[in-house]
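Visitor: Below are the structure tokens for one structure; questions will follow.
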Amino acid sequence: MPAFVQDPAVEQIIGAAIEVHRELGPGLLESTYERCLSYELLKRGLQVARQVRLPVRYKDTEIDCAFRVDLVVNGDVLVEVKGVDRLAPIHTAQILTYLRLSNARHALLFNFNGLTLKEGLKSFVRRGTALPSQSR
């Protein structure tokens, strides 16, 4: 299990994903989990953008390489949703690419196809990222 950074938004995202997985179980299409997770996050008061275009900046030109992040939460947490037998290295490479190309501070990779979500959860934090204030 990856070590998670103490971050209230990330904790809410993980909680919402667990709720979606408990409600729907494994075996559905990724788009179903993505839409339901988006709904659950909005219900919890988070800002959510779906299928966010992520261009590559090459020299002085923005190049569309057809990268799309499943969800961007609160403008700086990337969420990638999978429904596969098991996560493969290509899935990690994909989310790390998105993290590198974006200004996001955190990225979460969820595989909803397992019996529990815990076995299909990976967390990535941009190096040198300061944690948001945790004052309550």
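Bear in mind that the values in this text are calculations on the coordinates, not laboratory data. As the structure is a computational prediction, the values presented were derived from the model and not from experiment. Cβ coordinates were reconstructed from backbone atoms using ideal geometry, including for glycine residues, and neighbour counts include every protein chain displayed.
Visitor: Most fluctuating residue of Pro26, Pro55, Pro89 in a GNM of the chain with Cα springs under 10 Å: which is it?
Guide: Ranking Pro26, Pro55, Pro89 by mean-square fluctuation puts Pro89 first.
Visitor: So, R0 is 35 Å and r is the distance between the beta-carbons of Thr61 and Tyr39; what FRET efficiency does that work out to, to 0.05?
Guide: For Thr61 and Tyr39, the calculated efficiency is 0.45.
Visitor: Between Gln47 and Ile90, take the C-beta separation as r, use R0 = 35 Å, and let me know the FRET efficiency to the nearest 0.05.
Guide: Calculated transfer efficiency: 0.75.
Visitor: OK, next. Need the full-extension length gain, Thr116 to Leu24, defined as separation in residues times 0.36 nm minus the C-alpha distance. One decimal, nm.
Guide: Length gained between Thr116 and Leu24: 32.0 nm.
Visitor: By the gyration tensor of its Cα atoms, with a ≥ b ≥ c the square roots of the eigenvalues, what is the shape of the range 1-118: rounded for a/c under 1.5, prolate for a/b over b/c, or oblate?
Guide: It comes out prolate by the Cα gyration axes.
Visitor: Can you list the lysines whose alpha carbon sits under 28 Å from that of Lys118, skipping same-chain ones fewer than 8 residues off?
Guide: Partners within reach: Lys43, Lys82.
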